[in-house]
Structure formats: C-alpha cells, structure tokens
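Enquirer: My questions all concern the structure below.
A short reminder: the numbers here are calculations on the coordinates, not readings from a lab. Since we're looking at a predicted model, the values are computed, not measured. Reconstructed Cβ throughout: ideal geometry from the backbone, glycine too, with neighbour counts over all protein chains shown.
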C-alpha cells in the first residue's frame with residue numbers, strides 16, 4: 001500500500017518514485033484514485049482517526065498512545081473476542097466482557113470499505129450486540145489486506161470465507177462524529193469515536 005508508506009514513511013529505504021504530471025486533457029476520463037487513498041480520504045471525512053503501523057510493535061505502541069491520550073490506563077477495556085485478547089495479552093490491559101464496565105471497545109472488523117470510508121463488522125466481532133449498546137469509543141485493529149472497494153464486495157467476501165456458517169448481525173460503522181446515518185446497513189446505529197490501528201500486511 002504505497003499511499004500509507006508515502007504518508008507515514010517506512011523503515012525500508014526505497015528510491016523515490018518518478019513524479020508523474022497531473023495535467024490531463026479536459027475530455028480524458030477521470031482517473032480513479034487507488035483503493036487505499038480513497039479509503040483514507042473517505043474515512044477521514046467521516047471523522048475517523050487512524051494510525052498506520054509497519055509492524056506489531058507499532059500496533060502495541062499506538063494502542064498505548066491512544067489509552068494514554070484518553071486517560072484510560074486504569075479503566076477496563078471491553079474485549080469480546082478471545083482470539084484478539086490473546087493477541088494483546090502482552091499489554092497490561094484490564095479486559096472485561098461486561099458492556100457497562102468499560103469506556104472503550106477493542107475489536108477487529110470484516111473489511112474496510114474504500115468507497116465510503118466505513119468499517120464492516122459482523123457477529124464475529126460484536127456477537128449479537130447492537131452498536132448502540134457498545135461503548136462510544138471504538139478501537140479497531142485491521143490490516144491493509146482487508147481493504148475492499150464496496151460493501152457488496154465485503155459481503156461476498158464474508159460469504160465465501162464462511163460458507164458453512166455465515167455470520168449474522170452484519171453492519172457498518174460509517175459515522176465517527178455526530179451526524180445522520182443514511183444507509184440501510186448502518187440503520188439504527190450511532191456515531192462512534194473511532195480509532196483505526198492499521199497494520200501493513202501487503
């Protein structure tokens with residue numbers, strides 16, 4: 001994902017790419033932005049905050065920065081996914097599965113949707129909980145390989161990966177600041193203060 005490397009830098013040293021002119025004829029078809037760039041623009045427009053990570057060490061560091069920035073060091077963290085809890089077991093977290101005992105929620109997602117900057121989730125992440133029941137503060141851990149063009153592509157991916165038992169409770173989180181929810185997949189949801197820990201895996 002070259003855009004993330006351009007914005008946030010990379011530890012690997014590569015020669016600068018040749019700069020190509022943006023000047024195009026007025027009748028030329030509009031250039032389509034790369035999928036990573038479209039997601040970044042739309043996600044930020046929705047009010048989301050993300051931290052790009054080259055490796056898991058940076059994921060841990062950035063999670064620590066988020067917790068410190070919000071003064072959550074002594075607070076419980078809502079962790080419904082046992083596999084995710086195991087992934088972050090080396091950090092000094094206070095995990096709980098009780099909704100009313102944590103100011104923030106750490107989760108994964110199904111996909112990152114480029115064309116509207118939303119996060120696609122299902123019962124694999126939130127089980128049968130409604131978004132409105134979950135804490136206002138979300139921290140989502142995802143990888144760049146989870147980027148897809150559209151919600152439809154994400155839904156097809158869920159179906160193909162889970163042919164024996166398709167997850168239920170599929171929804172999107174699109175609003176990361178106050179605003180109206182305006183598509184059927186986010187109907188009944190509420191705005192969330194969302195941080196995205198994005199790990200480069202391509």
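Enquirer: Over segment 37-116, what is the relative contact order in percent, taking alpha-carbon pairs closer than 8 angstrom and at least six residues apart?
Expert: Rounded, it is 38 percent for segment 37-116.
Enquirer: Taking just the C-alpha trace of segment 34-199, give me its Rg and Dmax in Å.
Expert: Answer for segment 34-199, Rg first and Dmax second: 15.0, 42 Å.
Enquirer: Give me the distance in nm between label points sitting 7 Å out from Cα along the Cα-to-Cβ direction at residue 101 and residue 123, one decimal.
Expert: If labels sit at residue 101 and residue 123, their model points lie 2.5 nm apart.
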